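Below is one structure, written out as structure tokens, with a few remarks after it.
The values are calculated or read from the model by the stated rules, or taken from the named source; none is laboratory data. Here the structure is a predicted model, which is why all the values come from computation and not from measurement. Note: ideal-geometry Cβ built from the backbone for every residue, glycine included; neighbour counts use all protein chains shown.
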Ligand SMILES: Cc1cc2nc3c(=O)[nH]c(=O)nc-3n(C[C@H](O)[C@H](O)[C@H](O)COP(=O)(O)OP(=O)(O)OC[C@H]3O[C@@H](n4cnc5c(N)ncnc54)[C@H](O)[C@@H]3O)c2cc1C
């Protein structure tokens, strides 16, 4: 048993940390305020090879392990959860179906440029009336001689305003339950595809989120990603990675919040002493610090299991559940330690507090995850 990251992983983590400290953290507040997609930083992440980390060299990736990928997600989230949200979408859910099930042409025209940061991919599953209940979606895909026709409305789609291609979940057989769900590749500019209302959000405001509308969208047969009837099963193939990665994002935000809390506690003097000298404040930091370490253990154990080719649904669900709740606690305690300055927009504590909420939804809400964990435990 070995609890160390390899030298290569540590070197990579340091390189990402330096990039984030020098180029991301200094502009994170401005990006959030302007609610503006960080185009230049996003492209830079592509140039640095981050988007191709978990893909093989045959498609222009770096062929790194999943643990290294999680280290990258954690470090970017430390600087800006908005950027990290867009990056993680591009690295995993937004490109994975094209990698696994796209044609050579799809890979050449879309995936490979996406891994270089020249094109952007995202996933569109959620609908106005169906979030956790993915099996209920009503976007319909109907087959004929020429291919497929899609109709429906998607909600909460990350980076939709700037995306070049979408992996869209639709029902090919409304009577087949989860087996009736499939994934389709839809490119920007396809007739009938439009981006609807942009959602102005509480947090991760520099990650743009919108509605997506599909009206008589015609697609060739080969844009069905995977064999018909396997879309949900194929999503399951990356679910442990999605949950573990979200756990890594949570670790990054929690680390930023606690570091900020420690610094403030040393700087702020009340009753003649830095507030860090008061046990009430020191114990908050000790408690959150302990919980972050516990979360880190869960996340990287779940990542290690992915690397061993034995992804574990229970453990990755626990990693996501525990670390995202810890991130919310770390951000909450940070705003308390900052006192009324935690309520001021000019300090970073409020951004951590707002951004942390984002971690609670995608990849399964805490309520849904508890249900899954209980089931995995035989309850
Ligand atoms: C910023 C942001 C970006 C997103 N990006 C994307 C994206 O790019 N693509 C995409 O497809 N989706 C995206 N989503 C959507 C996200 O995946 C959903 O929000 C998530 O699946 C939860 O669905 P919902 O919000 O509709 O909540 P609901 O499913 O309506 O749940 C509402 C509440 O009920 C609880 N609940 C629901 N069912 C049960 C149950 N069976 N048992 C107990 N409690 C239950 C939930 O836990 C929650 O507390 C994004 C969301 C956000 C906030």
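Can you confirm whether the range 70-83 contains a residue that is surrounded by 20 or more Cβ atoms within 10 Å (Cβ to Cβ), away from the ligand (no atom under 16 Å from the Cβ), under 18 Å from the mean Cα position of the chain (by Cα) and more than 21 Å from residue 32 (Cα to Cα)?
Yes.
Somewhere in the range 194-205, is a residue more than 23 Å from residue 113 (Cα to Cα), away from the ligand (no atom under 15 Å from the Cβ) and either at pLDDT 95 or above or touching a strand residue (DSSP E or B) at 6+ places or on another chain (Cβ under 6 Å) (or both)?
No, the range 194-205 contains no residue that is more than 23 Å from residue 113 (Cα to Cα), away from the ligand (no atom under 15 Å from the Cβ) and either at pLDDT 95 or above or touching a strand residue (DSSP E or B) at 6+ places or on another chain (Cβ under 6 Å) (or both).
What's the number of the condition residue 126 fails, among (1) touching a residue at least 40 places away in the same chain (Cβ under 8 Å); (2) under 18 Å from the mean Cα position of the chain (by Cα); (3) within 16 Å of the ligand (Cβ to nearest atom)?
In the conditions (1) touching a residue at least 40 places away in the same chain (Cβ under 8 Å); (2) under 18 Å from the mean Cα position of the chain (by Cα); (3) within 16 Å of the ligand (Cβ to nearest atom), residue 126 misses (1) alone.
Checking the conditions here, which among 225, 235 is touching a strand residue (DSSP E or B) at 6+ places or on another chain (Cβ under 9 Å), over 30 Å from residue 78 (Cβ atoms) and buried (at least 16 other Cβ atoms within 10 Å of the Cβ)?
225 is the lone residue from the list that is touching a strand residue (DSSP E or B) at 6+ places or on another chain (Cβ under 9 Å), over 30 Å from residue 78 (Cβ atoms) and buried (at least 16 other Cβ atoms within 10 Å of the Cβ).
Which count do you get for residues in the range 323-376 that are within 16 Å of the ligand (Cβ to nearest atom), more than 22 Å from residue 30 (Cα to Cα) and out of contact with any helix residue (DSSP H, G or I) (no Cβ under 7 Å at 6 or more places or on another chain)?
Selection size over the range 323-376: 7.
Looking at 105, 32, which one is within 16 Å of the ligand (Cβ to nearest atom) and at pLDDT 95 or above?
Checking each option against the conditions leaves just 32.
Being within 11 Å of the ligand (Cβ to nearest atom) and either assigned to a strand (DSSP E or B) or out of contact with any strand residue (DSSP E or B) (no Cβ under 7 Å at 6 or more places or on another chain) (or both) is the filter here; which residues of the range 136-182 pass it?
Of everything in the range 136-182, those that are within 11 Å of the ligand (Cβ to nearest atom) and either assigned to a strand (DSSP E or B) or out of contact with any strand residue (DSSP E or B) (no Cβ under 7 Å at 6 or more places or on another chain) (or both) turn out to be 154, 155, 156, 157, 158, 166, 167, 168, 169.
Kindly indicate which of 77, 28, 86 is in contact with a strand residue (DSSP E or B) (Cβ under 8 Å, 6 or more places away or on another chain) and at negative phi.
Every option except 86 fails the conditions.
Evaluate the following for residue 194: is it within 19 Å of the chain's Cα centre (by Cα) and outside the structural domain of residue 39 (by TED's automatic domain parsing)?
The answer is no for residue 194.
Looking at the range 261-281, I want the residues that are in the same structural domain as residue 347 (by TED's automatic domain parsing) and have a partner that is in a helix (DSSP H, G or I) and surrounded by fewer than 14 Cβ atoms within 10 Å (Cβ to Cβ) with Cβ atoms under 8 Å, at least 6 apart or on another chain. Which pairs are those?
274/266; 274/267; 276/266
Can you report the number of residues in the range 34-71 which are in a helix (DSSP H, G or I) and touching a residue at least 12 places away in the same chain (Cβ under 8 Å)?
Qualifying residue count for the region: 19.
For the structure I just gave you, tell me whether residue 7 is surrounded by fewer than 18 Cβ atoms within 10 Å (Cβ to Cβ) and within 16 Å of the ligand (Cβ to nearest atom).
In short, no.
For every residue, the table says whether it meets (1) at pLDDT 95 or above; (2) over 16 Å from residue 78 (Cα atoms); (3) surrounded by fewer than 22 Cβ atoms within 10 Å (Cβ to Cβ); (4) out of contact with any strand residue (DSSP E or B) (no Cβ under 8 Å at 6 or more places or on another chain).
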| residue | (1), (2), (3), (4) |
| --- | --- |
| 266 | yes, yes, yes, no |
| 271 | yes, yes, yes, yes |
| 286 | yes, yes, yes, yes |
| 293 | yes, no, yes, yes |
| 318 | yes, yes, no, yes |
| 331 | yes, no, no, yes |
| 336 | yes, yes, yes, yes |
| 360 | yes, yes, yes, yes |
